[in-house]
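To start, the structure under review is shown below, and the notes come after it.
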Amino acid sequence: MNIVDIITKKLNNKTLSPKEIEYFVKTSVSGQTADYQVSALLAAIFVNGMNDEETFFLTKYMMESGDILDFSSVSGIKADKHSTGGVADTVTLIAAPAAASCGVRIIKMSGRGLGYSGGTIDKLSAIPGFTTDISKDEALKMSEKSGIVIMGQTDTLAPADKKIYALRDVTGTVESAPLIVSSILSKKLASGADTIVFDVKCGNGAFMKNINSAKSLALQLTGISSMFGKKTAAVISDMSQPLGMNIGNSLEVIEAIEVLKGNVEGDLYELSCLIGGCMVFQAQKTKSLEDGVELIKKSIKTGQALSKFEEFVAQQGGNAKIINNYGLLPKAGSKIDIKADKNGYINSINTQLIGRASVETGAGRIKKNDSIDLGAGIIMNARIGDFVKEDDILLTILSSTSEKCLSAAEIAKNAFEILPCPIEKPILIKDIITKE
Ligand code: URA
């Protein structure tokens, strides 16, 4: 087999065979295929796409390039969730313990944030003592004991994705549906869950900017997963503004705890209840999705979800006292308020700019190995459709230095559009797709 023939075939918009895809993945990882050849094939896939069968085999061989975890010895249905990435998306910290408190087993591998999109592992690392560096044996014990464990993604999980993603990132080929689907699924399917709920974000703060592209990604994620025999569901949710009101690691932990305490409702609460409800339903704990959502809401109302969060934090070495003392979490020393320059209604929020401003505070990273400031971030004070008066605070920027606050403010100040006429609030849940 010859890589040049495979590239030529895809450049001519022909279907690649399973053997050709296997050769491409294996020789990309081994280094036998040069990076410029891998990039050429990625560009050809970006332009000409892949059918479901090709995407299935690309996913399969990428998944098989590394460890495939087996948690079959853990009793019960193991559920996982995956968000395609957004701003102030703290759903995992709420939905996972809430679903675990309803009897669902959560064994979850999460990633770190990159660019304007945050990561669960970074958020959890804001909790003093908390570790996500957990071996498989420890994870098995923890999930049997408490029903929930969240681990950091290891380098041995789908190494082909690591190689291919790094080249996509520098060749403008990230935003290709078969490449996104195979990248996400190769890691998720290797992490051993029986059922997965996808949260596909849609809007100006997400990969998928409109409903058609989000729906197509959701259908492919659920469709290809079912070709692997996995039961999945996908929720398409709004990302035309940050999901929660806090962006940044300590800040998002605080907001998640406030939701779990039942003190805060709104978009983050609603989506967390839906994703948690999907996990409960997919794990066969309820007869319908609606019952699943109600069960999650009840677990929050009764304090059951918060107790599970406390148990989960303590089990992974974290200081559970943070739940009633936010002063124990890292804090930023400097702050700047961004105020409205006129009266009017918030017509739109540029979510990507808010995410970029948050990275500028130190809360996120631009390159993979950048360090982050766990106390830094942004507190939002207004949402689309709200009426604001001139000089009302739209958001507060927090960072360890006033210089970083100023440069984040330079970015964030252009994120709000205020118009004189009222506007409807965006619909949070745009679609729900289930697949056996
Ligand atoms: N998340 C991933 O893991 N891979 C992609 O390609 C896009 C989002």
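The values are calculated or read from the model by the stated rules, or taken from the named source; none is laboratory data. Since the model is a prediction, treat every value here as computed from it, not as a measurement. Using ideal geometry, Cβ is built from the backbone for each residue, glycine included, and neighbour counts are taken over all protein chains shown. All accessible areas refer to the heavy atoms of the entire protein, side chains included, with ligands and DNA or RNA removed. Shrake-Rupley method; radii C 1.70, N 1.55, O 1.52, S 1.80 Å.
The fraction of accessible area contributed by carbon and sulfur in the chain is 51 percent, rounded to a whole number (1.4 Å probe; ligands and nucleic acids excluded). A P(r) calculated from all alpha carbon pairs of the chain, with 20 Å bins opening at zero, reads 26, 57, 17, 0 percent. For Asn343, neighbours were defined as the other residues whose beta-carbon sits under 13 Å from its Cβ, and their charges (Lys and Arg +1, Asp and Glu -1) total -2.
With only Lys, Arg, Asp and Glu charged, each at its Cβ (+1 for the first two, -1 for the last two), find how big the charge dipole of the chain is about the Cα centre; round to the nearest 20 debye.
Values: 48 positive and 50 negative charges, 102 e Å.
Once rounded to the nearest 20, the dipole reads 480 debye.
Taking amide H as placed 1.01 Å from N in the peptide plane, the amide H of Ile418 sits under 5 Å from that of Asn347, each at least 5 places away or on another chain. Note on Val174 and Arg383: the extension gain reaches 72.3 nm, defined as 0.36 nm multiplied by sequence separation minus the Cα-Cα distance. Only helices enter this figure: runs of n ≥ 4 DSSP H residues, each worth -39500 (n - 2.57), summed and divided by the residues of the chain, yield -14000 deg cm²/dmol at 222 nm to the nearest 500.
3J(HN,Hα) couplings calculated from phi for region 330-341 with the Karplus curve 6.51 cos²θ - 1.76 cosθ + 1.60 (θ = phi - 60°) are, in sequence order, x, 10, 9, x, 10, 8, 9, 9, 9, 10, 5, 8 Hz; Gly and Pro show x. Once you order the gyration tensor axes a ≥ b ≥ c over the Cα atoms, which shape class does region 232-315 get: rounded for a/c under 1.5, otherwise prolate or oblate by comparing a/b with b/c? It is oblate, given that a/c is not under 1.5 and a/b is not larger than b/c. One compactness figure for region 69-146 is 1.14, namely its Cα radius of gyration divided by 2.2 N^0.38 Å. Of the peptides 156-164, 85-93, the order by per-residue mean of other Cβ atoms within 10 Å, starting with the highest, comes out as 85-93, 156-164. With the highest mean first, a sort of the peptides 99-108, 387-396 on other beta-carbon atoms found within 10 angstrom per residue produces 99-108, 387-396.
When a/c reaches 1.5 or more, the comparison of a/b and b/c decides; with that in mind, is region 170-212 rounded, prolate or oblate per its Cα gyration tensor? Note, shape of region 170-212 comes out oblate. By the compact-protein rule of thumb, 2.2 N^0.38 Å, the alpha-carbon radius of gyration of region 240-386 corresponds to a ratio of 1.19.
Using the average count of surrounding beta-carbon atoms within 10 Å as a protection proxy, the listed peptides 37-45, 412-420 rank, highest first, as 37-45, 412-420.
With charges only on Cβ, +1 for K and R and -1 for D and E, what is the dipole size of region 174-258 about its Cα centre, in debye, rounded to 20?
420 debye
For Asp341, the amide hydrogen comes within under 5 Å of the amide hydrogens of Asp391, counting only partners 5 or more places away or on other chains and with H modelled in the peptide plane. Selection among Leu140, Leu306, Leu217 by position relative to the dipole of the chain gives Leu140 as farthest towards the positive end (Cβ unit charges, Cα centre).
For Lys321, the aspartates and glutamates whose Cα falls under 13 Å of its own Cα, not counting residues fewer than eight places away in the same chain, are Glu310, Glu311.
Here's the picture: charge each Lys and Arg Cβ at +1 and each Asp and Glu Cβ at -1 in region 109-263, and of Gly262, Gly248, Ala234 the one pushed furthest to the positive end of that dipole is Ala234. About its Cα centre, the dipole of region 309-390 is roughly 180 debye, where the only charges are +1 on Lys and Arg Cβ and -1 on Asp and Glu Cβ.
Taking the alpha carbon gyration tensor of region 313-356, multiplying each eigenvalue by 5 and rooting it gives semi-axes of 35, 14, 11 Å, largest first.
Shown are Met208, Met227, whose ranking by accessible area with a 1.4 Å probe and every protein chain present, most to least, is Met227, Met208.
Measuring with a 1.4 Å probe in the full set of protein chains, what accessible area per residue, in whole Å², belongs to the chain? Show your work: numbers first, answer last.
Values: 17560 Å² over 436 residues.
Solvent-accessible surface per residue comes out at 40 Å².
Between amide H atoms placed 1.01 Å from N, distances below 5 Å from Met151 occur with Lys108, Met109, Ser110, all of them 5 or more places distant or on a separate chain.
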